[in-house]
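Report on the structure given below.
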Amino acid sequence: MRSTFSGLNTMVRGINMNQLSQQTVGHNITNADTEGYSRQSVNLIATRAQSQGSVYGSVLVGTGVDANSLTRARDVYADKQYWAEHSREEYLNARAKEYDKLEAIFNDTDEGLQSALEGFYKSWDTLSVYASDSSARVSCLEKGNVFADKIHTSARELQEQIEANYTDIRLNIGKVDNMLDQMVALNKEISAAEATGASANDLRDQRDLLADKIAGYVNVNVYEDDKNMYSLVSNGVSLVNGVSHLTLEMSDPIANADYGVNDYVVLIKEAGIAYQPLSGQIKAQMDAIAEDKQYIDKLSNMAAFMLADLNDRHQQGHGIDTYKTAGVNFFGDSNSKYTWDAENQVLTYSKYTQTLDEIGYDYVVKGNKNYDVDNKDYYFVEAQLGNGTYSTDPITGEELKDVKMKKIEIINTLQLNKQITAPNGQLLIAASGYGYTVDADGKPYITPRLDASGNQVYDDNGNPIFDTIDENGNVQTINSVTNPPSNSTAIVPNDTGDGANAVLTATLFNMDMTKDPKYYQAHSAAQNEAKRAIGSVSLNSYYNKAMTKLGSDSEATNLKISAQDQIMAQVTEWRERTAGVNWNEELTNMIMFQQGFSACSRCLTTMDEMLDRLINSTGVVGR
């Protein structure tokens, strides 16, 4: 038989459950803007009915309501999608910031490297017309110094950017380690709290929020075990495994002489092995470091081209000083021969001693012109240099060999030769070229063979063809003006106003071997692209190609970010549709549970009045 007061118990349960539901609504509303919060709800079920006998047999009478569980709204598939896409999103955003910095370094303003390169080229072009003009020579020095300084500045800023990225990686792995530690602590709390069947909703929200943040730094796959603990796996490495986690750390500095920086490796502390994420901010910073080094490579190649090719061209001319000095490097020093090592893709140099020998000739690089003080004339002499093999300095007797230069060393070596920056050193700028003596009739012994359009004629091997007139007036064909026939006289310097060598030097900036190989072979020591640090393209094209790639990479990254933003918006909406707090829905529930609470209270009052009537008023008549 049912208790007389069973109805009261039913209403009390109703009041309690409506109160619990109302409190949950309040919890949702107050946390609507809390990061990582998931909407919670009380799952109500009817309590077990009681059996009561009747004329027609027993009937089951309801006893009220109870809370089966208090759960949070969460879509595990949306979470997994979010972690994957968020990691990619942070990677792209970090890469975009890196490209912004690179574009700031290689800016196209009047103060950028592009402007400095163009100014240096124009100074040689001007010098070809005004070879004897002092202001044109000083301008060439200044523009060359500005160009070298821009190369140095750009390289230094790239080095600083590399160091900044390593600093950011160090800070980020510190953050990741801290979050992994928190993840383990939450795993323990959640497992303990849910051991009795409860649902640790707020703790789970905190744990999922940690997973969100970790995914921004490194790619992670999240798994939940039967003890309600998370395991985090990144690129095959179990960063978190229930109640334990691995620690990320930076290695000791590794000196990188090629780039003049210290490199570091992200290590798994417990195993001592390298860790390489697949995406996220840390991966982006690692990729940024590698790309910064690639741009240092490009600057190094431009500097190597100047030290090898421009210097080689400069040595083929002469200055306008008293001795019309030749064999002087424009960059570096004149006691070094710079050569591009195609096999190892590095610049080498050979040192030698420059002084006078027993007959008054300077020891200079093989093939350069040398001035004879006594006879006031120029001749070819040779000095023993490394050039790929061991050799002996003709003055000191020391054994010499080619020295491979580090990339940052090549850049730092790109300094104006001290000889041409000394007082009146601008006179040594080799803007002028050489000619040949003439016969009694004033005819040159050696002349270039020209076609009908006035262009140089070449043989099948790409060598320029020259004609010379012998003593009988017959024309002879030769292929090298550096080895003239015996009947021709010596090579002599042109007048001080001659700018022939400046013309050829200016041509180097825009000379493309693929478009005009024969012309290039005729005017450069680098007879094929393998001998040039910048390959077959011109110097201007090499730099423009690098900047075009930078611009296209930056634009492509921004386009990827736009596409990724759309994906993230969809995934976030998918997530929020399930876990987000909807104000309209919560206010509707608030009114519903408020009315439910009031109805249960009113029903309880009515039942109380009925019992009061039964207890206090029944049987009082006749007392």
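Read-outs: derived from the displayed coordinates by stated rules, not from any lab. Just so we're clear, the structure is a prediction, and the values are computed from it rather than from any experiment. Neighbour counts are summed over all protein chains in view; Cβ atoms, including those assigned to glycine, are modelled from backbone coordinates with ideal geometry.
General remarks:
- Under the convention that each Lys and Arg Cβ holds +1 and each Asp and Glu Cβ holds -1, the size of the dipole of the range 1-91 around its Cα centre is about 640 debye.
- Ascending count of other beta-carbon atoms within 10 Å, so fewest first, for Ser38, Ser191, Ser617: Ser617, Ser191, Ser38
- Pairwise centroid distance, computed over Cα atoms, of the range 126-171 with the range 567-611, Å: 69
- Cα-based shape type of the range 51-200, given that a ≥ b ≥ c are square roots of the gyration tensor eigenvalues and the cut on a/c is 1.5: prolate
- Stretch gain in nm, segment Val457-Leu171, where the contour uses 0.36 nm per residue and the Cα spacing is subtracted: 96.5 nm
- Peptides 97-105, 587-595 ranked from most to least packed, by the mean per-residue count of other Cβ atoms within 10 Å: 97-105, 587-595.
- Neighbour-count ranking [beta-carbon atoms within 10 angstrom, fewest first] of Arg170, Arg204, Arg13, Arg613: Arg613, Arg170, Arg13, Arg204
- Charge tally in the Cβ shell below 13 Å around Val571, where Lys, Arg are +1 and Asp, Glu are -1, Val571 excluded: -4
- Ranking of Thr10, Thr605 by count of other Cβ atoms within 10 Å, fewest first: Thr605, Thr10
- Extent of the range 275-359 along its three principal axes (Cα atoms, max minus min coordinate, largest first): 69, 25, 18 Å.
- Computed over the range 173-264: relative contact order in percent, which uses C-alpha pairs under 8 Å that are six or more apart: 27
- Violating pairs (Cα-Cα greater than 21 angstrom) within the set Lys101/Lys560; Lys101/Lys143; Lys337/Lys406; Lys150/Lys324; Lys298/Lys407: Lys101/Lys143; Lys150/Lys324
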